[in-house]
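Working notes, beginning with the structure itself.
The values are calculated or read from the model by the stated rules, or taken from the named source; none is laboratory data. Model, not experiment: these values are computed from the prediction. Every residue, glycine among them, receives a Cβ derived from its backbone with ideal geometry; neighbour counts consider all protein chains shown. When the accessible area is computed, the model is the full protein with side chains, heavy atoms only, and any ligands, DNA or RNA have been set aside. Shrake-Rupley method; radii C 1.70, N 1.55, O 1.52, S 1.80 Å.
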Amino acid sequence: KVNQVPNWVGTAGDPPDALADIVAVEKKLNDMKVPMQGRFAIVDTQAKADMLSVAAVIQAEQRGDGGQALRDASMGRVLGIDWHMDQNVTTQGDGSASTGWLINNGAGYAADATSLVVDTGSNNPEVGDVFMVAGDTTQQVVTAYGTNTITCSPGLGAAVVDNAAITFIAQHQMNVAGHRNGLTVAIVPLA
């Protein structure tokens, strides 16, 4: 499920509107060791509109496509990624980011922990919400939430202490970039 991808770049609610934003996506794919061939991105309508305002994306002399991007309002291939727009990209979160959440375990948690007992804050986390825990730079995604327990993926990358703050990312579009072999699309056939 796209809402269970634990890695992100950029700022929630701020679509890529500068070359540096697009470069950050490409860097994250490089850091995650995604193969160079077969990379793709699917973005919402606002992200496409913002990307088409970036000179390096649209201007023929910078793209080397003879002006096709400008004529077709095509995003095409930029920085080794095939960019596509989908009008059905979903929104994660209800607009009220969870705040005030803390780790609640006297001993803290060791690296690789995926089930975290927490002190409750405002707005319960939802499956797909993304967060980080103070003291760990690993990006996490909520895979389940029960009474005072967050189950997450991929698991802590470093040990964290009791009362470490949990920072949730605000509401955002679920734009995705990756490798064609990294995601599977299932479509139910029509009757």
Check your understanding: How about the range 21-39: which of its residues are farther than 18 Å from THR11 by Cβ, open to solvent by less than 30 Å² (accessible area, probe 1.4 Å) and outside any loop (DSSP other than H, G, I, E, B)?
Key -> LEU29, ARG39
Practice item. Just name the residue that is modelled with the lowest pLDDT out of those in the range 57-78 that are open to solvent by 30 Å² or more (accessible area, probe 1.4 Å) and hydrophobic (A, V, I, L, M, F, W, C). Key: ALA60
Study note, to complete from the structure: How many residues of the range 133-146 are hydrophobic (A, V, I, L, M, F, W, C) and either surrounded by fewer than 18 Cβ atoms within 10 Å (Cβ to Cβ) or not in a strand (DSSP E or B) (or both)? The answer is 2
Check your understanding: Quick one: is ASN123 farther than 30 Å from THR184 by Cβ and at pLDDT 90 or above?
Key -> no
